[in-house]
Amino acid sequence: MGKLQVFEVIFDGGVDLFRAGEWVQGHVRIVLSQPKSDIRGIQIKYKGKGKTHWTETETHGSGDDRRTETVHYYMKEKYFEEKMLILGRDKSEKGEKVHLDAGEHNFPFRFQIPATPLPHAFEGRYGRIRYKVRAKIDRPWKFDHTVEKLFNIVGVPVDLNTRPEAPMPSASQDEKTICCLCCASGPIKASAQTDKSGYAPGETIWVSGFIENNSSREICDITAKFYQKVHFRAKRHGHGWEHHREQKTNLGEQRGEGCGEHRTASFDRKPFLVPSCPPSGLDGCDIMSIEYYIEFEADVSGTPFDLELKLPITIGTVPLYSAYYSAAFPPGEVVTQQPTAPPSEPPPPSYEVAMGGPQEIPSKSGHDYTFGKMMYAPKYPYYTFPNAGDPAYPPPAQSMYPPVQGDPAHPS
């Protein structure tokens with residue numbers, strides 16, 4: 001490691017979460033085992049940037065002229081980028097080098113995040129949104145020392161109380177006829193529904209469904225899966241035609257028993273806890289977007305053609321006030337002191353690291369940073385809902401799934 005023993009960026013108070021328009025304060029800490037006199041200056045750069053990237057293989061020509069090329073697809077967005085000198089001089093300026101004695105040195109910095117709509121930080125397979133401070137010890141005719149510190153932004157809010165569809169269930173129904181050799185058996189009918197369509201991290205999604213099997217095949221089981229799908233946009237070599245990629249992540253899964261031929265099966269109020277995750281849409285970003293949905297599926301034996309339903313949902317950063325109040329005082333619970341009126345809004349959220357926890361962030365050069373590996377995970381608003389996911393406090397049972405023709409539990 002040589003003379004440089006410690007080189008790090010520290011935010012005041014250990015805070016790494018900021019809002020658009022706020023001031024960020026901290027200092028660069030340097031510890032030297034011996035005096036150091038080869039420094040031209042110490043520079044700070046702070047920036048927010050979104051980027052998508054992947055490679056595709058293209059084949060051109062034929063015969064002996066056939067060749068394969070790896071093509072890079074990428075797009076970038078810059079939300080802000082500024083730099084400042086906190087010691088010494090810039091490359092364009094003349095002057096003497098800086099001398100630092102052995103021991104500890106602290107150089108304060110302060111900058112303001114632009115007061116513009118900014119997206120939440122995000123880490124994906126084919127793209128990312130990052131906010132960071134980069135400190136550099138500029139040494140002429142030598143390799144520079146660099147260190148980075150990533151931070152989080154409270155991005156564009158998604159208030160579910162402003163979305164009329166959020167309190168309404170997300171529902172779907174369909175039917176499929178499975179053919180057996182030359183004969184077609186009766187249809188398999190399915191319906192599924194969530195208790196509403198707008199949720200915040202920390203809240204529980206309740207899913208119900210119903211299967212009417214009029215076929216001669218067995219329904220092995222029924223499943224519901226909670227998915228996040230991220231859509232990425234990029235251009236060939238950054239400026240050519242546009243391509244798209246998707247990343248689909250399973251956030252939770254529940255299984256129920258199937259049924260035999262000419263029988264029915266139900267899937268009654270299964271809970272899915274919404275983890276710490278970015279909101280739907282990822283507003284403020286034009287090269288990535290996020291959607292969430294429940295996929296309800298009936299696994300039909302002996303055929304790859306299963307019956308699937310998709311239930312779109314919205315993940316917000318501000319929960320429905322009525323949902324929080326209902327969770328605080330569920331039906332049937334004894335309330336010793338009844339409030340005079342429902343709360344106007346829920347308590348403020350905590351900010352939790354994203355599902356999966358911190359991951360290693362490689363340096364731009366592909367080598368380790370000056371002082372080992374950097375671990376990071378974005379943070380998102382997370383609410384503590386009373387009785388979240390507790391089967392003893394499910395939502396009301398009425399209208400949990402739409403009626404299906406022939407369903408004895410829901411006659412026409």
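The values are calculated or read from the model by the stated rules, or taken from the named source; none is laboratory data. Just so it is clear, the model here is predicted, and its values are computed rather than measured. Ideal geometry is used to build each Cβ from the backbone, glycine not excepted, and the neighbour counts take in all protein chains shown.
Would you call S289 touching a residue at least 24 places away in the same chain (Cβ under 8 Å) and within 30 Å of A20 (Cα to Cα)? Considered against the rule, which asks whether it is touching a residue at least 24 places away in the same chain (Cβ under 8 Å) and within 30 Å of A20 (Cα to Cα), S289 comes out as yes. When the residues of region 359-389 are filtered to those that are part of a strand (DSSP E or B) and farther than 30 Å from P348 by Cβ, which remaining residue is modelled with the lowest pLDDT? The residue in question is Y369. The residues of region 63-89 that are more than 30 Å from K36 (Cβ to Cβ) and either assigned to a helix (DSSP H, G or I) or acidic (D, E) (or both), listed by number, are G63, D64, D65, E69, E77. Could you check how many residues of region 239-268 are of a type in the set (A, V, I, L, M, F, W, C) and farther than 26 Å from G127 by Cα? Within region 239-268, residues that are of a type in the set (A, V, I, L, M, F, W, C) and farther than 26 Å from G127 by Cα number 3. Restricting attention to region 222-262, the residues that are within 15 Å of A298 (Cα to Cα), among the charged types (D, E, K, R) and either under 16 Å from the mean Cα position of the chain (by Cα) or buried (at least 17 other Cβ atoms within 10 Å of the Cβ) (or both) add up to 1. All of F80, F7, F18 fail the test of being at pLDDT 95 or above, over 28 Å from E246 (Cα atoms), surrounded by 13 or more Cβ atoms within 10 Å (Cβ to Cβ) and out of contact with any Asp or Glu (no Cβ under 6 Å at 6 or more places or on another chain), apart from F18. Please tell me if E77 is in contact with a Cys (Cβ under 9 Å, 6 or more places away or on another chain) and of a type in the set (D, E). Yes.
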